[in-house]
1. Scan segment 97-131 residue by residue and report those that are of a type in the set (A, V, I, L, M), outside any strand (DSSP E or B) and open to solvent by 40 Å² or more (accessible area, probe 1.4 Å).
2. Kindly list, by first and then second residue, each pair from a residue in segment 161-174 that is touching a residue at least 40 places away in the same chain (Cβ under 8 Å) and within 16 Å of A192 (Cα to Cα) to a residue that is among the aromatic types (F, W, Y) and part of a strand (DSSP E or B), limited to pairs with Cβ atoms under 6 Å and residues at least 6 apart or on different chains.
3. How many residues does segment 219-248 contain that are of a type in the set (S, T, N, Q), touching a residue at least 40 places away in the same chain (Cβ under 8 Å) and surrounded by fewer than 16 Cβ atoms within 10 Å (Cβ to Cβ)?
4. Could you please find all residues in segment 58-93 being in a helix (DSSP H, G or I), without any contact (Cβ under 8 Å) to a residue 60 or more places away in the chain and open to solvent by less than 50 Å² (accessible area, probe 1.4 Å)?
5. Taking into account only those residues within segment 208-238 that are part of a helix (DSSP H, G or I) and under 18 Å from N261 (Cα atoms), which is farthest from the chain's Cα centre (by Cα)?
6. Just to be sure, is V268 out of contact with any His (no Cβ under 9 Å at 6 or more places or on another chain), open to solvent by 60 Å² or more (accessible area, probe 1.4 Å) and either at pLDDT below 85 or not in a helix (DSSP H, G or I) (or both)?
7. Which residues, counting only those in segment 321-350, are surrounded by fewer than 16 Cβ atoms within 10 Å (Cβ to Cβ) and of a type in the set (A, V, I, L, M)?
8. Could you tell me whether segment 185-204 includes any residue that is open to solvent by 60 Å² or more (accessible area, probe 1.4 Å) and either part of a loop (DSSP other than H, G, I, E, B) or touching a Cys at 6+ places or on another chain (Cβ under 7 Å) (or both)?
Amino acid sequence: MFNAFERAVAARYLMSRKSDRFTSVIAGFSLVGIMLGVATLIIVMSVMGGFRQELLGRILGLNGHLGVYAADRGNLRDFDAIAASIRRVPGVVSATPIVEGQVLLTGAGSTATGGLARGIRPEDLRARPIIAGNIRAGSLAAFEGEDAVAIGTRLAFRLGLSVGDKITLVSPQGRATVIGTIPRLRAYTIAAIFEVGMNEYDSTYVFMPLPAAQIYFQTGPEAASQVEVFVADPTRVRAVNRDIRAALSQPVRILDWQDANSSFFAAVQVERNVMFLILTLIIIVAAFNIISSLIMLVKDKGRDIAVLRTMGATRGAILRIFLMCGAWIGVVGTMAGFLVGVVFCLNIESIRQFIQMLSGTELFSAEIYFLTQLPAVLNWTEVGQVVALALSLALLATIYPSWRAAKTDPVEMLRNE
């Protein structure tokens, strides 16, 4: 498409000389603008994609894809038979009885915090990789009987507790006496401390054996709060929902993860789309800089264009020369932005820690952003779309200045000179 003569002229025009250094500086700023726009867009989209994926993985890894509750909003009776029927439904991986309730948590000192106590069979808890694979102290081997609990790292830090210490659970549903309602409270021994990596779970969840939870919440051995269901494909949870209803002989209330977290994930998706549109403006501004730098280059090289035309260069050759100049800026800037964005995403947590160490400030608070680490997941399809968008805008920006250069009348240009 481009012959040696056109490449040589385009390369000469791009080289900075003293007489046209100003034009080259503008072209350099255009290149840097495209690089920063592409890199920023890749980084932001990767972080927001990673944020969504990490939250989704932790929420679904701990809470399950479906929750089967009693239709009357009370406790679920005969839960083992219900769980067995659910396990036979195609697409269901596991069905786990759960007893849960809100409690007040206190340690040895005066500090207290709210939390959620969840009763689960020890073998079911050990089968959950998000808990069993993230034990930071103690062991789930001791998670059994009526006295053991497992708590998160942030809850342990807040209450100043460690493995072997006692944590007191206070239930607002107390027992009625002649002097009023007395809250139920009982102390349990911490058998294990886990770290899921999500602030809400690490600071509020307390796991206890199912029989102990049934005693504490007074549900009786035949009742549970819900049956928690994991499915093979979370995206087909609505179809499994219908199959579970058809398989059960009694009316139940089923809440899936899409209903429980729909507003949250919809907000994340909207924010992601808006950020894409906003950051695309950076690339558009850089593309306009290419237009301005090429127009200035055409003005500056008007005499050269006239001489080349009189020597036999066609309008197509002049057009391709300036197309090559603008394309070089766009391609180099896009590739540089691609490399910067990918390298930044692959090392984003190390970069965050380094900046925090230099500045002495916390850049990613777990209390605000839910996660303890800054996530970044490179979606190569999205990265390809960003690169294609930047290249397309850069190439489109070169068309008008190149066309103006090709339309230059050599006679008029030399007469004005």
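The values are calculated or read from the model by the stated rules, or taken from the named source; none is laboratory data. Fair warning: this is a prediction, and the values are worked out from it, not measured in the lab. All Cβ positions, even for glycine, are placed from backbone atoms using ideal geometry, and neighbour counts span all protein chains on display. Surface accessibility is based on the protein's heavy atoms, side chains included, excluding ligands, DNA and RNA. Shrake-Rupley method; radii C 1.70, N 1.55, O 1.52, S 1.80 Å.
1. A108, A127
2. Within 6 Å, the pairs are I167/Y188.
3. Selection size over segment 219-248: 0.
4. A81, A84 - these are the residues of segment 58-93 that are in a helix (DSSP H, G or I), without any contact (Cβ under 8 Å) to a residue 60 or more places away in the chain and open to solvent by less than 50 Å² (accessible area, probe 1.4 Å).
5. Just the residues of segment 208-238 that are part of a helix (DSSP H, G or I), to begin with: 210-216, 234-238.
Now narrow it down to the ones that are under 18 Å from N261 (Cα atoms): 234-238.
Numbers: P234: 18, T235: 18, R236: 21, V237: 21, R238: 24 Å.
If we take residues in segment 208-238 being part of a helix (DSSP H, G or I) and under 18 Å from N261 (Cα atoms), then R238 is farthest from the chain's Cα centre (by Cα).
6. Working: out of contact with any His (no Cβ under 9 Å at 6 or more places or on another chain): yes; open to solvent by 60 Å² or more (accessible area, probe 1.4 Å): no; either at pLDDT below 85 or not in a helix (DSSP H, G or I) (or both): yes.
The answer is no for V268.
7. Matches in segment 321-350: V332, L339, V343, L346.
8. No, segment 185-204 has no match at all.
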